[in-house]
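Taking it in order: structure first as structure tokens, then the write-up.
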Amino acid sequence: MRKILFTLLLLCAANITSLQANEHVILHPHNKGKTSGNKPRTPMVIPDVYIDDYTLTFDESCIGCPLTLIDEDDNIVYTTIIDEAGIVELPNTLSGIFELQIERGSITFVGEIEI
């Protein structure tokens, strides 16, 4: 009975680990335009972005937005426009920690990813 219970626990742990493969990317907004005294009446919605291996998945608000990856030496290593599927396949030649930037209007959302 203990062996069966232990096996079930291991299987549950393996399933939870596989569910967490899509890692949520934490983004922060940066206003790249002029700052005015007017404050928006509605709260800013920060996009949802997930990474799984070399695949980035974006919510609908990012469709058509430019995406840029910047390496630790501040070099642009990859740019693209997020397509209507909201999925970007990164080149498998990339490796390391990158700053991810998504431009949406006058706001640039910035986060960090590790590939």
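Odds and ends about this structure:
- Value of relative contact order over region 46-115, rounded to a whole percent, pairs C-alpha under 8 Å and six or more apart: 31
- Calculated FRET efficiency for the pair residue 61/residue 92, C-beta based, R₀ 35 Å, to 0.05: 0.80
- Difference of contour (0.36 nm per residue) and Cα-Cα distance, residue 114 to residue 80: 10.4 nm
- In the context of the full protein assembly, residue 82 retains an accessible surface of approximately 0 Å², using a probe radius of 1.4 Å and ignoring ligands and nucleic acids.
- Here's the picture: a label point sits 7 Å out from the Cα of residue 54 along the beta-carbon direction, and within region 65-98 the residues with their amide nitrogen under 11 Å of it are 89-95.
The values are calculated or read from the model by the stated rules, or taken from the named source; none is laboratory data. The shown structure was predicted, so the numbers you read here are calculated from the model rather than taken from an experiment. Cβ: placed from backbone, ideal geometry, glycine included. Neighbour counts: every protein chain shown. Ligands, DNA and RNA are excluded from the accessible area calculation, which covers all protein heavy atoms including side chains. Shrake-Rupley method; radii C 1.70, N 1.55, O 1.52, S 1.80 Å.
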